[in-house]
1. What is the dipole size for the chain, taken about its Cα centre, with +1 at each Lys and Arg Cβ and -1 at each Asp and Glu Cβ, in debye to the nearest 20?
2. Which value in nm describes the separation of the simple spin-label points at Q190 and A32, placed 7 Å from the Cα toward the beta carbon?
3. Select from region 86-144 those GluC sites (Glu not before Pro) which occupy a DSSP coil region and have at most 14 other Cβ atoms within 10 Å, ordered by residue number.
4. Please work out the C-alpha center-to-center distance from region 160-212 to region 109-144 and express it in whole Å.
5. Points 7 angstrom from Cα along the Cβ direction at D90 and D231: gap in nanometres?
6. Starting from the 7 Å offset along Cα-to-Cβ, what nm value, one decimal, do you get for the label separation of A177 and F215?
7. Using the Cα centre of the chain as origin and beta-carbon charges of +1 (Lys, Arg) and -1 (Asp, Glu), tell me which of P199, A180, F26 is placed farthest towards the positive end of the dipole.
8. May I ask you to compute the full-extension gain from E202 to E25, defined as 0.36 nm times their residue separation minus their alpha-carbon distance, rounded to one decimal in nm?
Amino acid sequence: MTEIRFEDGAAYERSMGLWSRLVGEFFLDWLASGPGQRWVDVGCGNGAFTELLMQRCAPAEVQALDPSEGQLAFARTRPGAQGAVFRQGDALGLPFDEDSFDTAVMALVIFFVPDPARGVAEMARVVRPGGEVVAYAWNFARGGFPYEPIQAELRAMGHKPPWPPNWAVATPEGLAALWAGAGLAAPMVQEITVRRAWPDFESYWSDTTVSAALFQLISSLPPADLETLRDRVRARVELSDGSVAYDALATAIRGRVPR
C-alpha cells in the first residue's frame, strides 16, 4: 500500500490546507493557551497550523520543523507566519535542549512518525515541567480522513489507496495510550468534527486529487475505471444542488509534563 507523503506545499494547501485550518481553529479554542508562550510545532508541513498559531496565540517564540524542504519553502512565504522560525528537522530527534518550550504540538502528523511513542517522548523531553504536549490527528479508523470518500470507492473497486504508516494510533484510545506511555499527566482527549464545502463536484475533485500519492494512483487507472471512480465518488458526496460538503473527524489530545 502506497504511503501518503506531502512534498509540495502548494498542492498540500489545495488538498489539505483548509481542512487543517478548520480543525486547527477548533483545536486552539479547546487549548485556550495564553499569550507569550514558547511553542515547537513538530511536523509543521506547509505552515497551515503554524500560521494559525502566530495569528491567534501571540506566542513569544515558535520553532517549526518538518523533514520536507518543499513544504518548508511554502511555509516561509505565509504572511501570517512571519516571526516563526522554520527549519528542517526530525520528530524522532528534536534539535533542542530539555525544558526549551512551554508547549509542543503535532498537527495532523503523528500517524506519519515512524515511531509515534518515541516522537511523543521527544516532545515531552523539550517541554518544561508543567508545560503541555498536544496533538490532533485524523481518525482513520472511523472514516474521518478527508480523502475517505475517494479512498472508500477505490477500495470498493479493488484498489489499495495511499495510507499513513501508523494510522491506527489516531484514535482516542491510541493517543491516550501514547501520552500515558510518555509519562504525561492528566491526558485529555477531544473529538473534533469539521465540515468543508465546494461549489461543485469538479472543484472538489480537482482540490482533493492534487495530493501526490492519490494523484499517482488515480492517474494510473484505465480511463473506464477512472470514469467509474468519478461516478461513484460523485454519488457519495454530491448534494441535490450540485455542491459538495461533508465532515471529517479528528482526535485531539493534551497532557502535561510532570513537575
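1. Charge dipole, the chain, about its Cα centre: 360 debye, nearest 20.
2. Reported label-point gap for Q190 and A32 is 0.9 nm.
3. Values: sites: E98, E122, E132; in loops: E98.
Of the GluC sites (Glu not before Pro), the ones in loops of region 86-144 whose Cβ has at most 14 other Cβ atoms within 10 Å are E98.
4. Each part reduced to its Cα centre gives a spacing of 12 Å.
5. A separation of 4.9 nm, rounded to one decimal place.
6. Between A177 and F215, the label points sit 3.6 nm apart.
7. A180
8. Numbers: separation 177, 0.36 × 177 = 63.72 nm, distance 2.68 nm.
Gain in length upon complete extension: 61.0 nm.
Values quoted throughout were computed directly from the atomic coordinates according to the rules given, and no laboratory measurement underlies them. All figures in this text were calculated on a predicted structure; none of them were measured in a lab. So basically every Cβ, Gly included, is an ideal-geometry build from the backbone, and we count neighbours across all protein chains shown.
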